Structures are given as structure tokens and as C-alpha cells.
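One structure below.
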Amino acid sequence: MITERAPAKINLALHVRARRSDGYHELETLFAFVTDGDMVTLAPGALSLTVTGPFAAGLSGEGDNLVLRAARAFAERFGTSVGGVFTLDKHLPVASGIGGGSADAAAALRALARANDVAIDDPRLFEIAEALGSDVPACLLGHTALGLGRGERLERLDGPSGMPVLLVNPGVAVSTAAVFKAWDGVDRGPMPDGDVLALALAGRNDLEAPARALAPAIDAVLERLAAGNPLLARMSGSGATCFALYATAADRSAAAATIRADQPDWWCLETALA
Ligand code: C5P
């Protein structure tokens with residue numbers, strides 16, 4: 001049996017630069033990963049998927065999970081037989097801007113690569129990833145990176161590994177397509193130069209305004225995070241999950257304790273940058 005972690009991704013910054021004629025948007029985004037997430041296991045056998053964990057119910061209505069699509073695409077690309085008994089232990093909220101489904105698909109591809117003696121940096125894996133979704137290549141890389149194009153063109157960067165992070169989600173699922181559609185079309189400019197933390201601090205998430213209009217609960221999350229002495233508090237991806245970065249783990253835990261006491265129904269994860 002092969003086990004692969006599927007860490008949550010956060011967009012430290014996400015600049016939307018233009019609408020494209022293919023329905024996607026041209027981005028400059030700073031991807032980072034945290035040390036916690038979902039878990040994918042793979043055992044030999046006919047293709048199947050069992051979902052467990054605290055957010056398993058969020059996927060129960062889903063006919064074609066990205067893990068199964070990844071397995072079929074892998075078999076087609078590498079000429080292997082379609083198969084794999086997959087278990088997905090779901091710890092990340094669904095449709096929440098931290099790449100859960102993309103991370104799961106990337107973890108499935110890594111597990112299949114290991115099972116079939118395919119190198120983890122084989123370009124064919126990245127081609128499959130790109131076809132599965134805009135964030136899947138970044139999740140396959142699993143490293144801090146600048147994402148260009150629709151997010152699939154990646155430049156690896158060194159990030160502030162170990163920095164304390166708090167992730168907070170108010171329990172509202174947000175459609176990525178709907179948030180992109182609601183973007184106002186204004187190009188607010190490129191990513192500045194500098195190291196990853198400087199980029200993050202000087203950057204923006206251009207999807208914050210349209211996501212807040214669609215899911216006003218995000219306002220309350222960002223307010224609470226801003227009140228807790230963070231270095232930075234921002235929405236990730238198309239929301240509704242927001243993150244905060246802290247100078248110390250004590251600052252993170254104090255902020256988490258306050259938010260948990262005030263909003264016991266919100267999902268709140270104390271973690272760190274990978
Ligand atoms: O690539 P993925 O299927 O994850 O994207 C989901 C939706 O988000 C797309 O159908 C598109 O509406 C929107 N999107 C976009 N521009 C991007 C990435 C995603 O408009 N760069």
C-alpha cells in the first residue's frame with residue numbers, strides 16, 4: 001500500500017491580469033503549501049474510491065472524484081491498465097480555495113507514479129495534471145512557486161518554510177467559476193519583485209472582492225483574522241478559506257483560540273508553511 005499526503009495549498013497572492021478567450025483568466029499567483037491536508041492511499045485492485053474523514057460527506061454527491069479522473073488519465077497516458085483501490089481521507093473543506101480536490105488528484109498521480117516506477121518529475125505527469133485542473137500542476141510540484149498562465153506555468157521559489165499559519169473557513173462553499181465570472185475585469189498590476197514574504201505582503205488577492213460579494217461570511221473571517229496580530233491576513237484562491245501568517249506560533253494559537261471561542265462552527269486549522 002502506498003500513502004501520499006495531499007497538503008492544502010494557499011495563494012499567498014493572486015493577481016488576475018486578464019480574461020482569456022478560452023474562458024480562463026491570466027494569473028500571476030504565489031502558491032505555497034502547508035504541512036497539513038488530506039491523505040490518499042493506493043492499494044492494488046480494480047479502480048475504486050472510498051472517502052473517509054471529517055469532510056467525507058462533502059463529496060458524497062460527487063459522481064466523478066478528481067482522484068478517479070487522475071487514475072483514468074494516468075492509465076491512458078502511460079498505457080497501464082486502469083486500476084487502484086484508493087482511499088481518500090478528507091480533512092480539508094470542499095470547494096474552499098485551498099486546493100483540496102487538486103491536492104488529492106496530485107497525490108493520486110504521485111502514488112500511481114511510485115506504483116509504476118515513473119519518475120515524480122516526469123513531464124507526462126504534469127501534462128495529466130494540467131488537463132485535470134489549473135491548480136493540479138502546482139499541487140503536483142508541491143513546493144512554493146510562482147504560477148503564471150492559468151496557474152499551470154510554474155517557477156519554483158524558496159519560501160519561508162515553518163512560518164505559522166492559521167486557516168479559517170466559515171462553512172460556505174464557493175464556486176470558483178462563479179467568483180472568476182464576477183471579477184470586474186480591472187487589471188490591478190503585476191506581482192512586485194522580492195522574496196516570497198515581500199511578494200506576499202505587497203501582493204493582493206483580486207478574487208477577494210467578487211468572492212466577498214457572493215459570500216459575505218468572508219468579511220467576518222477576514223475581520224477576525226486581522227484582529228489577531230497577523231503579519232498578513234488574506235483570502236486564498238476563490239475562497240471562502242482565508243489564511244493568516246504570524247511571526248510566532250504563540251500569536252497563531254492565541255488568534256485560533258479567540259476565533260474558536262467566538263465562532264465554534266467555523267473550521268480552523270493551526271498549521272505552518274511547508
Ligand atoms: O481549472 P479548473 O477546472 O480548476 O477551474 C475551474 C474554473 O475556474 C474554470 O472553469 C474557470 O471558470 C475558472 N478559472 C479561470 N481562470 C483560471 C483558473 C480557473 O477562469 N486561471
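The values are calculated or read from the model by the stated rules, or taken from the named source; none is laboratory data. All figures in this text were calculated on a predicted structure; none of them were measured in a lab. Here the Cβ positions follow ideal geometry from the backbone for every residue, glycine too, while neighbour counts run over all protein chains shown. Areas reflect the complete protein model, heavy atoms only, side chains present, ligands, DNA and RNA absent. Shrake-Rupley method; radii C 1.70, N 1.55, O 1.52, S 1.80 Å.
Some observations on this one:
- Here the label points at ASP22 and SER175, each 7 Å from Cα along the C-beta direction, are separated by 2.2 nm in the simple model.
- Sequence of SER96, SER60 from largest to smallest accessible area, 1.4 Å probe: SER60, SER96
- Length-normalised contact order of the chain in % [C-alpha pairs under 8 Å, at least 6 apart]: 24
- Near PRO190, once Lys and Arg are set to +1 and Asp and Glu to -1 for all other residues with Cβ below 12 Å from its Cβ, the sum equals -2.
- For region 35-88: rounded, prolate or oblate by the Cα gyration tensor [a/c cutoff 1.5]: prolate
- Accessible surface, region 164-272, averaged per residue in Å² (probe 1.4 Å): 43
- According to the Cα-based calculation, Rg over Rh for region 90-189 is 0.99, with Rh computed by the Kirkwood formula.
- The long axis of helix 217-226 is offset from the longest Cα principal axis of the chain by roughly 70 degrees.
- Computed as a quarter of the hull surface, the mean projected area of the alpha carbon convex hull for region 2-156 stands at 8.8 nm².
- In sequence order, region 160-172 has phi-based couplings of x, 4, x, 5, x, 10, 10, 10, 9, 10, x, x, 10 Hz under the Karplus curve 6.51 cos²θ - 1.76 cosθ + 1.60, θ = phi - 60°, and Gly or Pro positions carry x.
- Residues whose placed amide H lies under 5 Å from that of ASP36, excluding near-sequence neighbours: ALA8, ALA272
- Between 0 and 90°, nearest 10: helix 66-78 axis offset from the chain longest Cα axis: 50
- Shown is the FRET efficiency for GLU127 and LEU197, computed with R0 = 30 Å from the Cβ-Cβ distance and rounded to the nearest 0.05: 0.40.
- In nm, spacing of pseudo-spin labels at GLU76 and THR50 (7 Å Cα→C-beta vector): 2.8
- Two-decimal Rg to Rh for the chain - Kirkwood Rh, Cα set: 0.96
- Trypsin sites (Lys or Arg not before Pro) restricted to region 1-35 and DSSP loop, no more than 12 other C-beta within 10 Å: ARG20
- Net length available on complete extension from ARG153 to TRP183 is 8.6 nm, with 0.36 nm assigned per residue and the Cα-Cα distance removed.
- Net charge dipole, the chain: roughly 200 debye, given to the nearest 20, about the Cα centre with Cβ charges of +1 for Lys and Arg and -1 for Asp and Glu.
- Binned Cα-Cα distance frequencies in region 91-133 - 5 Å width, integer %: 5, 23, 27, 21, 13, 8, 2
- Size descriptors for region 155-264, from the alpha-carbon set: Rg then Dmax equal 14.6, 40 Å.
- Solvent-free Debye calculation, one equal scatterer per alpha-carbon of region 1-84: log10 I(q)/I(0) at 0.15, 0.17, 0.19, 0.25 Å⁻¹ equals -0.84, -0.98, -1.06, -1.17.
- Length available on full extension from ARG260 to ASP117: 0.36 nm per residue minus the Cα-Cα distance, which gives 47.0 nm.
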